[in-house]
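The values are calculated or read from the model by the stated rules, or taken from the named source; none is laboratory data. These figures come from a predicted structure and were not determined experimentally. Cβ: placed from backbone, ideal geometry, glycine included. Neighbour counts: every protein chain shown.
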Amino acid sequence: MIELHSITRSFGDRRVLEDVTFSVAGGRMTGFVGGNGAGKTTTMRIILGVLAQGSGTVTLDGQAITVGDRSRFGYMPEERGLYPKMKVAEQLVYLGKLHGLSAVAAKGEVDDLLERLGLTERANDTLESLSLGNQQRAQIAAALVHRPIALVLDEPFSGLDPMAVDVVLGVLRDYAAQGVPVLFSSHQLDIVERLCDDVTVIGGGRILATGSREALRAEHSGREFEIELTGDAADAGWVRDQVGITLTHLDGGYARFEAESDAAAQAVLARAVAGSTQTLEAPGAVGSAAVTQVLRFGKLTPSLAQIFKEVVQ
Amino acid sequence: MTTQQTSRHAAPVIASHTRQLGAPQAAWLVAEREISTKLRSKAFLISTGVLLLLVLGAVLFSGIASNVGGFDGPTKVAVVAEAAEVGEQLSPDAFEVTEVANRAAAEQAVLGEKVDAAIVTGGEGPIGLTVLGSDSTPIGLVQALSATPQVELLNPTTENPMLAYFIAIAFGIVFMMSAMTFGTTIAQSVVEEKQTRIVEILLATVSARSILAGKILGNSILALGQVVAIAALTSVGMLATGQDLLLGELGTALIWFAILFAFGFVLLASLYAALASLVSRQEDVASAVSPVMWLVMIPYIAIIVFNTNVKVLAIMSYIPFSAPVGMPMRLYLGIAEWWEPIVSLGILFASIAVVWWLGARIYERSILRTGAKVKLKDALTAKE
């Protein structure tokens, strides 16, 4: 587990990180989200030791992180970079050797990785001759070549088509499954929502929210519920008249509402169920073919995008 | 170490077979890449080939010129019948003798440019001969005819001002070409890594100093290799064309040139790398490294201008940047004591220590600062 404790950092007079504290648990994928200039890249660089922090500590499994530890991390910087005129396999072997692999081990590792990432055929092409998506895969291979003990990836999915996202995701999940902490940032909140186990939101250099995806959702879910009725003439307009209910959205049989209490919400459900039963038992009572049924009822959980907007504001 | 770390971190199930590299190993890996990349560049191989051919050509040319005794072949001399005996004494290598009837015929031959000079009898000198020339004194012929005492050189040398001048230019050109070629290479390599941001990945693995040291090491090895190749080719060429006497005199100078150049280049390379790290785009490299470009060009110009000025040469031979050119020149001219190159090398070592410290400081502080050119002052004073 990587833990950051009260990290601060300034560039000149500008404070870019203020009391940043969060952790990246082993075996879990942690999404790191924040707007442009929020401090994501600086934080990641500090974890990697590429930048020094002003104050605070970074620990790995409870002990201060060392240069030796960091050299075994896998890092993918935001600004993509490999040697444009060097062959793909060759530069990956070079990076493997810099990480301390023997030439033979590096060669084997690179062959495996290229195979898994579907780049074997391009192994002896120069990087600049690859498509952007393939360059991105090579970049990910560069972060993985030395079997890292932790992964820090800045925007690993940007520029990938959905197929490639799945390939890369599979590889990263394998790493997480082996107990490696994986921290990745992304602007694509839907991807983060789909992929990550934990989420940390940063804004203006401060950590705004951090925790497991479910916990965050539960924490940020309000008193809002939704109900959907189905049927030829389904109309949820009656919800408006329920006690303790404020209707926020209505569209035929679909209604979103805020409930003062769970009981008030349950009352809505009860009436809906009763209504549909009634109509089923007594056809023609409400309308000739008016058969309504409860299709859906539940508390609204906010999407990550909503949580993000909420905490950033 | 590996097992220790694995047990320390509970998480990694992955069999770890990496070990942290020491700084020298990391630097050597970087150096290796610099060398192999350069050796595979077609442009580099071609330009090196052309350079070596030029050197070989110059050596062969100088060999042929010195054997023939001049660039125009033997001097054509007309000799009047009365002085035929004199004509026979002239070396047939240097003079082509034609006999003419009388002074008038000789004058005609000279004026008609059929011959370069003529020997006629008469005149006021003790030897009773007059040499006719067209518009200038035919020095070679006059010397050949002069009653000079037998000369026995106890310390034979081919040293002459013209040769010294050419040797000065040769040292200057080889120094400048090699320093610029590999200085530019290191500068571009630094900016390539900065521009493509791969340096961020490298920095996450090895220290900035290891990267810088590796780059300097790799390019210094290449530069030294080129200079040694040139020196070797020169030596072989001289032996093949019978200039072993010149080689004997040049030998020590060549060896010291290689040694001083190798370390002098380390100095220049540190500066090239440090200055290049200030900018983020290849287009800006040339302007960024222009100050050190001057440091490379000044010794070249100075050695050509002052190749006979003993005082200036003495000063040049102790200034770290011009020592690789100045000291060998003095050694060739035989005006340096045996210990002088060693002292000069000592000064060079001290300068390398200072410049390396400064260069590494600049490099470390500017290599991640992309965008506008980093000011030198900021790079030196900024907190890391």
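Structure notes:
- Every residue from the range B:200-212 that is surrounded by fewer than 23 Cβ atoms within 10 Å (Cβ to Cβ) and either at the interface with chain A (Cβ under 7 Å from one of its Cβ atoms) or in a helix (DSSP H, G or I) (or both): B:208, B:209
- When every residue of the range A:246-255 is checked against the conditions, none turns out to be assigned by TED's automatic domain parsing to the domain that holds residue A:32, closer than 30 Å to residue A:35 by Cβ and not in a helix (DSSP H, G or I).
- Residues of the range A:68-90 that are more than 7 Å from chain B (Cβ to nearest Cβ), within 22 Å of residue A:154 (Cα to Cα) and out of contact with any helix residue (DSSP H, G or I) (no Cβ under 7 Å at 6 or more places or on another chain): A:69 alone.
- Residues located in the range B:283-340, provided they are polar (S, T, N, Q) and farther than 15 Å from residue B:268 by Cα: B:287, B:307, B:308, B:309, B:317
- Residue pairs whose Cβ atoms lie under 7 Å apart, separated by 6 or more positions or on different chains, with the first residue in the range A:160-186 and within 14 Å of chain B (Cβ to nearest Cβ) and within 23 Å of residue A:40 (Cβ to Cβ) and the second of a type in the set (Ser, Thr, Tyr) and assigned to a helix (DSSP H, G or I), are A:182/A:175.
- Of all residues in the range A:91-119, those that are at the interface with chain B (Cβ under 7 Å from one of its Cβ atoms), of a type in the set (Gly, Ala, Ser) and in contact (Cβ under 8 Å) with a residue 24 or more places away in the chain total 1.
- Residue tally, condition over 13 Å from residue A:210 (Cβ atoms), under 16 Å from the mean Cα position of the chain (by Cα), more than 10 Å from every other protein chain (Cβ to nearest Cβ) and not in a strand (DSSP E or B), over the range A:1-35: 1
- Scanning the range A:96-148 for residues that are of a type in the set (A, V, I, L, M) and surrounded by fewer than 16 Cβ atoms within 10 Å (Cβ to Cβ) gives A:103, A:104, A:132.
- Of all residues making up the range B:213-225, the number that are touching a residue at least 24 places away in the same chain (Cβ under 8 Å) and either outside any helix (DSSP H, G or I) or surrounded by fewer than 21 Cβ atoms within 10 Å (Cβ to Cβ) (or both): 3
- Entirely in the range B:1-77, the helices (runs of 4 or more DSSP H) that have 2 or more residues that are surrounded by 12 or more Cβ atoms within 10 Å (Cβ to Cβ), at pLDDT below 85 and away from chain A (no Cβ under 14 Å): B:42-68
- Single residue of B:291, B:324, B:320 found to be part of a helix (DSSP H, G or I), buried (at least 16 other Cβ atoms within 10 Å of the Cβ) and on the phi < 0 side of the Ramachandran plot: B:324
- In the range A:36-66, residue nearest to residue A:139 (Cα to Cα) [restricted to those that are facing chain B (nearest Cβ under 7 Å) and outside any loop (DSSP other than H, G, I, E, B)]: A:48
- Residue in the range B:259-281 that is within 13 Å of chain A (Cβ to nearest Cβ) and either over 30 Å from residue B:330 (Cα atoms) or modelled with pLDDT of 85 or more (or both) present: yes
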